[in-house]
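Heads up: the structure comes next, in structure tokens.
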Amino acid sequence: GGKQRSISAFFKQT
Amino acid sequence: MFEAKISQGSVLKKLVEALKELVTEGNIDVSPSGMSLQAMDSSHVCLVSLVLRDDGFDHFRCDRNMPMGIHFANFSKILKCAGNDDAITLKAEDNADQLTLMFESSNQDRISDFDLKLMSIESEHLGIPDQDYSAEIKMPASEYQRIVRDLTSIGDTVLISATKEGIKFSTSGDVGTANVTLRHNTTSEKQEEHTIIDLKEPVALTFALRYLKNFSNATALAPQVKLSLTKDLPIVVEYQVGELGNIRFYLAPKIDD
């Protein structure tokens with residue numbers, strides 16, 4: 001279980 | 001123009017085999033300092049970052065930065081035509097719509113060339129900061145592969161907890177439960193057999209096993225793998241690719257509802 005966030009939520013766009 | 005030669009072509013074959021199940025397509029960026037790739041899987045849950053430095057190649061020339069849009073299953077089809085002992089040369093003109101791959105056998109009695117069609121791919125680039133992690137664990141790549149393979153047969157998610165006792169992988173499913181603990185171990189004369197646990201503070205995170213298992217497709221690239229963990233941040237699973245560079249996989253943790 002548990003929610004899965006998008007990986008892009010953890011890094012800034014450059 | 002861009003031209004890069006690697007005498008140990010099997011490295012390139014292994015790299016693409018490590019990627020192709022996870023990433024359908026992506027831009028390999030070439031620049032005078034080398035080749036790099038950043039790509040997400042189709043569900044955008046994990047990110048792969050590949051860095052190959054110019055000085056790791058037998059020959060490297062790149063006059064102009066450019067993205068080369070690659071379909072990895074197609075790249076793999078062509079690389080499968082290279083012998084394991086072949087040298088591989090990659091060539092592309094500026095703004096080319098194809099990448100030429102030339103394979104030379106080790107005694108130079110067989111030379112073949114293939115053109116791979118390039119694609120135009122829109123991709124966002126993410127800035128990945130260098131940071132300190134709560135726990136960094138180096139272990140034999142084959143051990144990591146075994147753990148994620150074994151646990152995938154039991155459950156869907158794994159709790160990875162690093163404490164001063166060691167690093168513990170736990171899962172559960174319809175079959176029952178499983179726990180594997182590795183302890184810090186540097187007794188072997190062979191460094192690649194060591195397990196090194198560098199713990200700043202205890203940390204425990206949950207991840208989807210299918211992705212961790214997918215990352216182990218890179219096992220053939222390196223004798224050791226490094227896992228980096230910090231609370232609420234993606235795990236990093238890193239393989240050093242000899243003197244050439246590295247491939248890193250980032251996977252977002254599962255968060256309780």
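Any read-out appearing in this document is the output of simple, stated calculations on the displayed coordinates, not a laboratory observation. All of these numbers come straight from a predicted model, not from anything done at the bench. Cβ placement follows ideal geometry from the backbone for every residue including glycine, while neighbour counts extend to all protein chains displayed.
Overview of values
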| item | result |
| --- | --- |
| Ratio Rg/Rh [Cα only; Rh per Kirkwood] for the protein assembly as shown | 0.99 |
| FRET E, pair residue B:143, residue B:76, Förster distance 22 Å, beta-carbon r, rounded to 0.05 | 0.25 |
| Mean separation of Cα contacts under 8 Å (6+ apart) over length of region B:170-223, as relative contact order % | 19 |
| Order of B:46, B:81, B:62 under a 10 Å beta carbon neighbour criterion, fewest first | B:81, B:62, B:46 |
| Alpha-carbon centroids, region B:78-93 and region B:174-235: separation in whole Å | 32 |
| FRET efficiency, residue B:43 to residue B:175 (Cβ-Cβ, R0 30 Å, nearest 0.05) | 0.75 |
| Label-point separation, residue B:7 to residue B:122 (7 Å along Cα→Cβ), nm | 4.5 |
| Ratio of Rg to Rh over region B:116-190 (Cα coordinates, Kirkwood Rh, two decimals) | 1.14 |
| Restricting region B:50-105 to trypsin sites (Lys or Arg not before Pro) in coil, as DSSP defines it, with at most 12 other Cβ within 10 Å | B:64, B:80 |
| Over the protein assembly as shown: helical MRE at 222 nm, DSSP H runs n ≥ 4 each giving -39500 (n - 2.57), nearest 500 | -4000 deg cm²/dmol |
| Relative intensity, log₁₀ I(q)/I(0), of chain B from a Debye sum that treats every alpha carbon as a point, q = 0.07, 0.10, 0.14 Å⁻¹ | -0.27, -0.54, -0.97 |
| Residue among B:111, B:28, B:78 with the largest mean-square fluctuation in a Gaussian network model of chain B, springs linking Cα atoms under 10 Å | B:111 |
| Counting all C-alpha pairs of region B:46-143, share separated by more than 21 Å (%) | 52 |
| Too-long pairs where the Cα-Cα distance tops 22 Å, listed order kept, from B:13/B:254; B:14/B:77; B:77/B:117; B:13/B:190; A:12/B:200; B:168/B:226 | B:13/B:254; B:13/B:190; A:12/B:200 |
